[in-house]
1. To make sure I understand the rule: partners must be lysines, Cα under 19 Å from the Cα of LYS154, and not fewer than 8 residues away in the same chain. Which ones qualify?
2. Given a 1.4 Å probe and every protein chain left where it sits, what share in percent of the accessible area of the chain is carbon and sulfur?
3. When you count, for each residue, the other Cβ atoms within 10 Å and take the mean per peptide, how do 337-349, 288-300 rank with the highest first?
4. When Lys and Arg each count +1 and Asp and Glu each count -1, what net charge do the other residues less than 15 Å away from PRO227, Cβ to Cβ, add up to?
5. Report the Cα-based extents of region 64-150 along its three principal axes, largest first, to the nearest Å.
6. Straight-line reach from LYS239: which lysines have a Cα under 24 Å away, not including same-chain ones fewer than 8 places off?
7. Long-range amide H contacts for LEU161: which residues qualify at under 5 Å (H placed 1.01 Å from N, peptide plane, sequence gap of 5 or more or a different chain)?
8. At most 10 other Cβ atoms within 10 Å and a DSSP loop assignment: could you name the trypsin sites (Lys or Arg not before Pro) in region 55-119 that fit?
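The values are calculated or read from the model by the stated rules, or taken from the named source; none is laboratory data. All of these numbers come straight from a predicted model, not from anything done at the bench. All Cβ positions, even for glycine, are placed from backbone atoms using ideal geometry, and neighbour counts span all protein chains on display. Note: accessible area is taken over every heavy atom of the protein model, side chains too, but ligands, DNA and RNA are not part of it. Shrake-Rupley method; radii C 1.70, N 1.55, O 1.52, S 1.80 Å.
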Amino acid sequence: MTQYRDILDRLARGREVSQEELAELVTLSGEPRVLDYARGLAREVRQEWYGHKVYLRGLVEISSHCSGGCYYCGLRAENRSLERYSLSEEQIMEACREGYALGLRSFVLQGGQMMDLEERIANLVVALKSAMPDAAVTLSLGEQPSSTYEAWRKAGADRYLLRHETASAEHYAQLHPARMSFAERLACLEELHRLGYQRGAGFMVGTPGQTNEMLAHEVEFLKDLSPEMVGIGPFIPQKDTPLGGMARGDVATTLMMLSLVRAVLPKALMPATTALATTAGNGTLLGVLSGANVVMPNITPRQYRGSYAIYDGKKSSGTESAEGIERLAEELHSIGYEATMTRGDHPDFPGSEVKQ
Ligand code: 5AD
């Protein structure tokens, strides 16, 4: 236990830290002294590139139709009790225009994984980019053929979010049906990188069967992969899924994981996730105080928000929403951080306003 400072200091300096040592830190997430030290270090590391800025991205949940079968997710194709929706191009454009009027210059279009999206999304990206040329467009529409990723990139998409969900192939197989594979997920992430996207990976904390050794491995995996963005949130059961009866992920462990990943990826854009905000009342601020530097307010038209039920109780109002941006900015200010609505590109990408 007395070694934890030494391990964390080495981690933040890019020195050698063993998997056993990392797993030990994860095990100590519940020890306030250890967690506080890890979070303090994460804040120091994030300051090197980002100071106290927190980038806001407007999140539009464009469709809840999904062909995926992820055992943890309420949008899985096998869930017949979910009322599905798909927003029209005009509805999506309008949501972004409203966000733009509020000052947002970065939009995330997220939806279930479907086969027939290529043309519609390409047209949408072109329309968005011509209406709001100074805004960044991030897509998050699951696994797609390379040719589709390429078409969307050519249409002007800047970034793509595709969490790897777990860096353990074995655990991946426990969380997904046989038609999905970890190898395929990695191949998609590789392809996104090759096509010049800023890409986002990420994982859940506390999925049933996950061990502290697996969480330790996440740190090493992400350091090697070095994605521009990393989303980390606690698992939250969704009642109509095979994992609906399981326990939710733990907040302290999530904050420890955020801190550890921040320690090894100083330049990454890391959201304080909605799952974290759903699990802890002050989750957004806890995340920011653990090295997160992005918040994604929900700008989906209100009447659809309840139907994007990836997990139970999902927060989509208050400071998690467009309506709450001002209050979010105030809350961030109260802990010494500054809400920022510029594009917020990764510092290695051309034109990034993040200071070198
Ligand atoms: N709990 C927490 N996060 C979840 N996600 C999907 N289902 C759940 C859940 N039950 C996350 C996955 C996915 C992202 C869009 O949401 O990591 O990649």
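1. LYS129
2. Answer for the chain: carbon and sulfur cover 51 percent of the accessible area.
3. Going by the mean number of other Cβ atoms within 10 Å, highest first, we get 288-300, 337-349.
4. Around PRO227, the charge tally is -2.
5. 38, 29, 20 Å, listed from the longest principal axis down.
6. Correct list for LYS239: LYS314, LYS315.
7. Placed amide hydrogens put LEU139, SER140, LEU141, GLY200 under 5 Å from LEU161.
8. Details: sites: ARG57, ARG76, ARG80, ARG84, ARG97, ARG105; in loops: ARG57, ARG76, ARG80, ARG84, ARG105.
Answer in residue order: ARG80.
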